[in-house]
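All of the numbers you see were taken from the coordinates with simple rules; none came from a lab. Note that the coordinates shown come from a computational prediction; the quantities given were computed from them, not determined experimentally. Cβ placement follows ideal geometry from the backbone for every residue including glycine, while neighbour counts extend to all protein chains displayed.
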Amino acid sequence: MIMQRTAKAYVAPTREEIARRAYQIWEQEGQPKGHESAHWLKAEAELVAERKRAVERASSIGENQDLDEEQGWPYGGKRTAKRATC
């Protein structure tokens, strides 16, 4: 599964994504019988948590960039180019 690095808004996982993850969990656990619901719920919880973390990271990166633009680049103050003297 490929996920965008800079998610701007939370998007709930689809049934197909949950099913794929549940299948992976089922395989990793040795293909036990009778745990379908547990695998589904675990898969859904993992995907939701991953996506929420991605949104939080994207939000914090955006906030930091906004602060840099307000305060100047890169660490506050005006950005000025200085020529090197030899």
(request) Multiply the residue separation of K33 and A58 by 0.36 nm, subtract the distance between their alpha-carbon atoms, and state the gained length in nm to one decimal. (result) 5.1 nm
(message) For the pair E46/A9, report the inter-label distance in nm, with labels modelled 7 Å from Cα in the Cβ direction.
(response) 2.8 nm
